[in-house]
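Below is one structure, written out as structure tokens; comments come after it.
No value in this document is a laboratory result; all are computed from the given coordinates. Note that the structure is a prediction, hence the values are computed from the model and not measured. When we count neighbours, we look across all protein chains shown, and the Cβ atoms used for this are built from the backbone with ideal geometry, even at glycine.
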């Protein structure tokens, strides 16, 4: 488990740079070196797990404050600014509040399933972090089919949503859970298909290999997949599907307060609700992490001369940028209705993603050159405009007519 | 094209977000209690009793006519008339309230007491930060707590106070003019009384 | 036959048993999900990564949800009046034992038919992909056709309901 320093790239001969870049790996190896050789692999993995369990909930706490302050600024008001400097200690107050609230379980609810649902959610979401490459040589488990593992964990979260809604013995919870599950299943297909294009071009399901394939530069520009026509289209579809998978605005009908009280987590209070909240934000982090790995180049720097900045900084920076875009979208867009959401998934996003798959294959087999850029861009743009027109065809609003009460 | 509405919306919110750091109109929050928006001039919260001059007992305008007590809809005013009289702003002896209690936890700020007072004695204050933790007597204001000077009234409702003052001054001037006229008439009558009866018409007016 | 295998086998069997013995149908559905998970972990223990993750993705992520939706959309969530066991349980036991005997004989016979290898063949996703479009392309196409027929059938059934309700 000794880290190999920068073996794939010829740039990093400077030991100071590579030490700083690999600082967490070196820290782990140093700590693990105190133990006998038999325990070292397990201890290394355990340290990685502890690091993930500490870092991502910490990021979650920070994100809750930034979301509230960001939404506040978007809405012409300040966010929370009383607890700590600029309100940054607000998550501590929120955490204490949610821990000290009374844990109410409805009398007719199914106690066992009610208890297990938030646990199932948080456990499966945490498992998804195990395959994300957070820096050079910084992936917890390098599996050959890492991407498939990630999607398997995502699929398991749907079941916990259903468990939560059904076990509460509450009409609104059940309705919210059914809607959430229907939405998650529809957009799961889109998520999978948009990442299949990446797998096709890279030729591997292993996430570190996907990042390594994007870590090359022509001049100063990187070879990230988002800078290709099929990559841009795929990233857009992936972003839409990711927003829907994590029940974020504008796809947050299952948890909209004005529609369903709180949807499938109506009957949860105190720490269990905090676990749902944690699970939702962690799912946001892990899906953004996968999106940056697949399309935005993972831990690779945007310009070739910026590679002296450590890789983990780029990874977390890109993830936080994605979170910022999530918050931005939440502050901008109104909620979609359930049928609008489903129509959008099956009638626009899915066909476009399938077309994207075709265009990716075309890209792959046309060989290098400017022709493939032109052809792919024209096909994707034309399809987008055409399908957009088709979708908006029924939306002709005539002039407004007013009828006054006599 | 599909999606241009979303992009325009996102541009607008981005403008709001970054603009909130630079321009006041994109961040309209007033951080109470460090900063306060000044209340409007005709704001009203709970009543108070006006007194002229420096001594609140001697200068209080209220004559305990009890009209406000009768007109108050939730009946939050309790008045006890005094036994003796004291002179008011024109010098006429009037009763004064020995007790004047308003329970501001009951008062609904309707201002009817102000509207019906014929003596401009009770007016509406603008202070609202009156929270107390004494449930039983903390919000019961007595005569002393309710008395505030005319200068204070000028400071919170300048236009109204100026108008009231000018009216009261007018009344006072009229009363004084009438008193002077009656005094002159009496003096002229006293002076013209020993004169001959046919000269009656000269003295009278 | 490592301890992990016994643990996973116990979990799978417990899930399966719970699925048939529990009274409430949704509880049974969740127990069968546990059995699916146990199966997936058994695949992973045999180093069949693709099969294991596909099992989680498809069975737990889609089939279990399908089962639960079917239970909730029909009246299956009422508790059965006569209890869980049917009156013809002995016949059912005989048939199940017969099926198990046939499957067991087939598996044991095939194990002795494969030549003993010292090292396990490592099957990567690459190999699976190559096999799917190489040797097994006809089954793949037939499966695709079947899935298309199922999708079209679902759409037609849904559309018919819409027409009828109008």
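Counting pairs of Cα atoms in the range B:47-156, how many percent are more than 22 Å apart?
28 percent
Fewest first, what order do C:127, B:84, B:101 take by the number of other Cβ atoms within 10 Å?
B:84, C:127, B:101
Past the 17 angstrom mark, what percentage of all C-alpha to C-alpha distances in the range A:139-268 do you count?
So the portion of pairs separated by more than 17 Å is 64 percent.
Need one number: nm distance between label points at residue A:393 and residue A:366, each 7 Å from Cα along Cα→Cβ, rounded to one decimal.
Here the modelled spin labels are 2.8 nm apart.
Quick one: if the Förster radius is 51 Å, what FRET efficiency do residue B:21 and residue B:128 give, using the C-beta to C-beta distance and rounding to 0.05?
The computed FRET efficiency comes out at 0.95.
What spacing in nm lies between the two simple spin-label points modelled at residue A:115 and residue A:31, each 7 Å away from Cα in the Cβ direction?
Result: 3.2 nm between the two label points.
Largest first, please: the extent of the C-alpha atoms of the range A:267-406 along each principal axis, to the nearest Å.
Principal axes ranked by extent give 74, 55, 25 Å for the Cα atoms.
At residue C:148 and residue C:48, where each label point lies 7 Å from the Cα along Cα→Cβ, what is the point-to-point distance in nanometres?
That separation, rounded to one decimal, is 2.9 nm.
Based solely on C-alpha atoms, express the radius of gyration and the Dmax of chain B in angstrom.
28.0, 111
What does the convex hull of the Cα atoms come to per residue for chain A, in Å³?
Cα convex hull per residue, to the nearest whole number: 197 Å³.
Please list, in order, the residues from the range A:266-300 whose amide nitrogen is less than 18 Å from a point placed 7 Å along the Cα→Cβ vector of residue A:169.
Zone members listed by number: A:266-269.
Taking each residue of C:63-72 in turn, how many C-beta atoms of other protein chains fall within 10 Å of its C-beta, and what is the average?
3
Find the Rg to Rh ratio for the range A:180-339, where Rh is the Kirkwood radius over alpha-carbon pairs and Rg uses the same atoms.
Rounded to two decimals, Rg/Rh equals 1.02.
How big is chain C along each principal axis, measuring the range of its Cα positions in Å and listing the largest first?
Here the Cα extents, ordered largest to smallest, are 63, 40, 27 Å.
Please give the calculated 222 nm ellipticity per residue for the protein assembly as shown, where each DSSP H segment of at least 4 residues contributes -39500 (n - 2.57) and the sum is spread over every residue; nearest 500 deg cm²/dmol?
-19500 deg cm²/dmol
How big is Rg to Rh over the range C:1-79, alpha-carbon atoms, Rh as the Kirkwood inverse-mean-distance radius?
Expressed as Rg/Rh, it is 1.05.
Within 10 Å of each Cβ in peptide A:276-287, how many partner chain Cβ atoms are there on average? Round it to a whole number, please.
0
Taking the beta-carbon count within 10 Å as an exposure proxy, list B:69, B:34 from fewest neighbours to most.
Least crowded to most crowded, the residues run B:34, B:69.
Considering the Cα positions of the protein assembly as shown, please state its Rg to one decimal place and its Dmax as a whole number of Å.
40.0, 162
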